[in-house]
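Inspection log for the structure reproduced underneath, given as structure tokens.
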Amino acid sequence: MSATSSPQAAARRQEPPEAGHTGPRRARAARRRWPSWLTEQRVVATTAVVAALVAWQLVALARVKPALILPGPTDVIGAFKSLFSASAIWTDLWTSGEELLVGLLLATVLGLPVGLLIGWYRRVSYALNPFVNFLYATPRIALTPLLIIWLGIGSSSKIAIVFLMAFFPILINTAQGVQALEQGAVRVARCFGASDLQLFSTVALPGTVPFIASGLRLAVGQALIGVFVAELSGAQHGIGLMMSTAGQQFQTAKVFAGLFIFAFAGVSLTALLRRVERHFAAWRPSTH
Amino acid sequence: MLSTRSRHTSGGQGGEPLGASDPTRRATAHLTAQRVLIEYPKPGSTDVTTAVQDCDLTIERGDFVCLVGPSGCGKTTLLNAIAGFVPIAGGTLQLDEHDIPGPGPDRAMVFQQPNLLPWRTVLANITYGLELSRTMKKAEARQRATGLLELVGLADVAGQYPAQLSGGMQARVNLARALAVDPELLLLDEPFAAIDAQTREVMQAELLRICAAKDVTAVFVTHDINEAAFLADRVCVFSPRPGRIVQEFQVPWERPRNHELRRTPEFTKLCDEIAGTLYGAIAEAREQQTEGSNR
């Protein structure tokens, strides 16, 4: 059996060269080098996704259920095409995107400093903890009817809901990060005569960054829930509204298209944040 | 309570104090502690615990003084008071004839844990104190830090993060960071206690070399008699709590010293004498305690 053409040999070549390769095998691997972006992780992940899509398509083609109930991937692609040929989708995208991003931004701008204050000053945490606990334990999405009464069915009520959903993960993680600070580092700073502000900017803030980053990632998920549910309970435009309308009209493929838009927004925001996190956390002993 | 003070300054070891032969060092005492009393509140009550009582200590410029004592005797508390973290409840504690107002950049503390800032590189950790005091331009601070890294033998890891360093290397960075602010008084609180025995011996010799190079005045707290005798010009032995200095030993050998000294009979004899005083003080305190409870 020729080693160069066997599938096992091809799989072996994907491994990093340090993984116990003996001399001749490494030489053979060097002769046909794979591009660096083609890592084992990517190959396996892509294969799995493609397999899942194929399976879905096969089930849909078997027509166990009518296309009205279970559309296949090709139907969803068709739905995407028809969606983006009309202009309404851009209004929906813009509306939902604005609600999501403005809400998230407000939650960050307010949640970060309040979280830092709660973590830093015991008295502030004593004063604010009852409110934080109450609102954190309440399903905040249940405030939607109230916010729509107060703010109307326009964007502002949606932004308020997104804000409420995203605010608490950021606040709580940030406060926890400050409370988990290494007291030794604080003592060193004090010993060098650091002022409160210096202590804050050189110890508290950088030490809290990993916590803030994971709080932001949680917040993205919560914010997306907020956008969707808020639009269900009364809106003029938005992807969530589009999905619910399509659902009522049994345009199932269109519902799937909306779902994928939400998923795409979530995945790309999370990936962006992970990148930011990695940039700030270069000092951490690497875990992968 | 009757205080039984059995304090003999310069306990017959090695004759004249080292400072006496050097006129430039004799000028005035750098740090003076007289009948210092330090108390801290007991948690959950209005009572106070007396950590240090009737403690006298004089340190000249260029001195290297070790404080040894049983654990919990208040030696670290005294060090914290000198650093300005803990207020004194009685007596006087003066630095260049001024009371100590609080923590300041003229005194640098080296803690047992390196406590390096993990998000800063080794070089940025060393410049940290200088950044806080804003007395120096950034480039100048980096230059000084680079020089200190060379002094402690870590020039090649300047760009690495603390998590990538071994315990001994972190201890060196810790020391370099304290030296970076050019302190008048270096306060060391068992800085090598968490390091393995071999590295500790290396670090002790390194510390003496560095102190000689920078002409540092140092107060070094330890529970290790051998370490104290190897490092110090004077070893001050504490009584159990409430701590006071029961005896001072002059260490006669010139600094810096090398490891052969540890193997000499004279060194062993000095260690034995220090240990005798230390354990004697512990036994005496225990006797007093039992007497007190019998009464």
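The values are calculated or read from the model by the stated rules, or taken from the named source; none is laboratory data. Predicted model only: the values in this text are computed from it and were never measured. Cβ placement follows ideal geometry from the backbone for every residue including glycine, while neighbour counts extend to all protein chains displayed. Just so you know, the surface numbers come from the protein's heavy atoms only, side chains and all, with ligands and any DNA or RNA stripped out. Shrake-Rupley method; radii C 1.70, N 1.55, O 1.52, S 1.80 Å.
Looking at A:LEU218, is it part of a helix (DSSP H, G or I) and touching a Leu at 6+ places or on another chain (Cβ under 8 Å)?
No: the conditions fail for A:LEU218.
Answer yes if at least one residue in segment B:40-60 is in contact with a Gly (Cβ under 7 Å, 6 or more places away or on another chain), part of a loop (DSSP other than H, G, I, E, B) and modelled with pLDDT of 85 or more, and no otherwise.
Yes, segment B:40-60 contains at least one residue that is in contact with a Gly (Cβ under 7 Å, 6 or more places away or on another chain), part of a loop (DSSP other than H, G, I, E, B) and modelled with pLDDT of 85 or more.
Which numbered condition trips up B:CYS236, out of (1) at pLDDT 90 or above; (2) over 21 Å from B:ASN80 (Cβ atoms)?
(2)
Can you run down the residue pairs with Cβ atoms below 7 Å, 6 or more apart or on separate chains, where the first is in segment A:40-55 and touching a residue at least 12 places away in the same chain (Cβ under 8 Å) and the partner is of a type outside the set (Gly, Ala, Ser) and open to solvent by 60 Å² or more (accessible area, probe 1.4 Å)?
A:GLU40/A:GLU15
B:VAL251 fails exactly one of the following numbered conditions: (1) within 17 Å of B:LEU208 (Cβ to Cβ); (2) among the β-branched types (Val, Ile, Thr); (3) open to solvent by 20 Å² or more (accessible area, probe 1.4 Å). What is the number of that condition?
All conditions are met except number (3).
If you check B:ARG35, B:ARG134, which single one turns out to be surrounded by fewer than 23 Cβ atoms within 10 Å (Cβ to Cβ) and within 13 Å of chain A (Cβ to nearest Cβ)? Talk me through it step by step, then tell me what you get.
Numbers: B:ARG35 fails: within 13 Å of chain A (Cβ to nearest Cβ).
Sole residue among the options that is surrounded by fewer than 23 Cβ atoms within 10 Å (Cβ to Cβ) and within 13 Å of chain A (Cβ to nearest Cβ): B:ARG134.
If you take just the helices (runs of 4 or more DSSP H) that sit entirely in segment A:93-192, which of them hold at least 2 residues that are within 14 Å of chain B (Cβ to nearest Cβ) and surrounded by 23 or more Cβ atoms within 10 Å (Cβ to Cβ)? Outline the logic, then answer.
Numbers: elements: A:122-137, A:144-151, A:155-179, A:183-191.
In segment A:93-192, the matching helices (runs of 4 or more DSSP H) lie at A:183-191.
Mind counting the residues in segment A:252-282 that are over 14 Å from the mean Cα position of the chain (by Cα), farther than 30 Å from A:LEU205 by Cα and open to solvent by less than 70 Å² (accessible area, probe 1.4 Å)? I'd like the intermediate steps shown before the answer.
Start the filter on segment A:252-282 by keeping residues that are over 14 Å from the mean Cα position of the chain (by Cα), which leaves A:252-259, A:278-282.
From what is left, the residues that are farther than 30 Å from A:LEU205 by Cα are A:252-259.
Okay, now just the ones that are also open to solvent by less than 70 Å² (accessible area, probe 1.4 Å), so A:252-258.
Here the count works out to 7.
Looking only at residues in segment B:106-131 that are under 30 Å from B:ASP224 (Cα atoms) and polar (S, T, N, Q), which one is surrounded by the most Cβ atoms within 10 Å (Cβ to Cβ)? Can you show your working first?
Here is the first cut: in segment B:106-131, the ones under 30 Å from B:ASP224 (Cα atoms) are B:106-118, B:122, B:125-126, B:129.
Subsequent filtering for residues that are polar (S, T, N, Q) retains B:112-113, B:115, B:125.
Details: B:GLN112: 18, B:GLN113: 19, B:ASN115: 23, B:ASN125: 26.
Result: B:ASN125.
Using the structure shown, decide if B:THR58 is open to solvent by 50 Å² or more (accessible area, probe 1.4 Å) and without any contact (Cβ under 8 Å) to a residue 60 or more places away in the chain. Walk me through how you get there before you give the answer.
Values: open to solvent by 50 Å² or more (accessible area, probe 1.4 Å): yes; without any contact (Cβ under 8 Å) to a residue 60 or more places away in the chain: yes.
Judged against the criteria, B:THR58 is a match.
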